[in-house]
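The values are calculated or read from the model by the stated rules, or taken from the named source; none is laboratory data. These numbers were taken from a predicted model, which means no experiment stands behind them. Backbone-built Cβ (ideal geometry, glycine too); neighbour counts: all protein chains shown. These area figures cover heavy atoms from the full protein model, side chains too; ligands, DNA and RNA do not enter into them. Shrake-Rupley method; radii C 1.70, N 1.55, O 1.52, S 1.80 Å.
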Amino acid sequence: MICIIDYGAGNIESVRKALEYIGAECVVSSDANVLMNSDAAILPGVGSFGDAMENLRARNLEKPISEFVKSGKPFLGICLGLQILFESSEESPGVRGLSLLKGKIVRIPDGEGLKIPHMGWNSLNIEKQGGLFKDIPDNPYVYFVHSYYLRAEEDIVTSTAEYGITIHASVAKENLWACQFHPEKSGELGIELLKNFVGKIEVE
C-alpha cells in the first residue's frame, strides 16, 4: 500500500490516478498511523513552501514523515514535495523545511526569453542511472511547473534540466527519491518512472 500524503497542497488526484493506472494500491490520507503502516509514501504538492510547511505542522505530519523516511521504506517527493524536504526556500524566508536533505530552494532568475513560472516540457540530463531512471534513456522530456528550484548541497542529484540556469531536477538518497518535475503529468515516460518507484517496494 502506498500512502499519498494529504496536507492540503493539491495535486493529489493526478498522482492517485497515475498509480491506479499502473495497478498500484494506494490510499490518500493525512493520518500519521495510516502513513506509518504503509509500504511506501508519496509527498506531492503545488503551491508555496511556507503554506506547505504550515499545513504539515497543523496536521502533525512533520515528525511522522521524518520517522517514515528513517524507517527505510520507499519515499517519493514530487514538485513542492521535493522542495520541502530541504532546509529553506527564498519563497518563504524564515520558514524551516523538513531538513531531511541538505540544500536550498531559490528563485529561478529572470532571463531574456524565459517565462516564470517555468511551465511545460523540458529535457533532463540524467546524472545517475538506476533508481527512478532504471531503463530510462537519457534526455527524456518531462513536465515542470515551478518558479523556484533546488540547489542541492550534497551528492544526491540524479538529473538536471536547463532553464537559463541548471536546475537540480531530481535527487536520491538511500530510500528517498524526489523530483521537481511531475511524473504523473509526463506521459508514458512519467508512468515508467512511477513504475520504477513502485518496484522499490517489492525489493524491500
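Things worth noting here:
- Under a Gaussian network description of the chain, with springs only between Cα atoms under 10 Å, the residue in Asn33, Asn60, Asn11 that fluctuates furthest is Asn33.
- Distance between the C-alpha centres of the stretch 83-107 and the stretch 114-163: 18 Å, rounded to the whole angstrom.
- Taking each residue as 0.36 nm, the span from Ala58 to Asn125 lengthens on full extension beyond its C-alpha to C-alpha distance by 20.4 nm.
- Of the peptides 100-107, 117-124, the order by per-residue mean of other Cβ atoms within 10 Å, starting with the highest, comes out as 100-107, 117-124.
- Residue separation of Arg96 and Glu25 scaled by 0.36 nm, minus their Cα-Cα distance, works out to 22.3 nm of gained length.
- The mean sequence distance of close C-alpha pairs (under 8 Å, at least 6 residues apart), as a share of the length of the chain, puts its relative contact order at 19 percent.
- Accessible area (Å², per residue) of the stretch 2-57, counting only protein heavy atoms and a probe of 1.4 Å: 40 Å²
- Tensor-based shape of the stretch 106-173 (alpha-carbon gyration tensor, a/c under 1.5 rounded, otherwise prolate or oblate): oblate
- The stretch 1-108, accessible surface, carbon-and-sulfur percent (1.4 angstrom probe): 46 percent
- Total charge dipole magnitude, the chain, about the Cα centre, Cβ charges on Lys, Arg, Asp, Glu only, Debye to nearest 20: 240 debye
- Surface accessible to a 1.4 Å probe, per residue, for the residues of the stretch 91-204, Å²: 49 Å²
- When the solvent-accessible area of the stretch 118-165 is split by element, carbon and sulfur atoms take up 47 percent of it, the probe being 1.4 Å.
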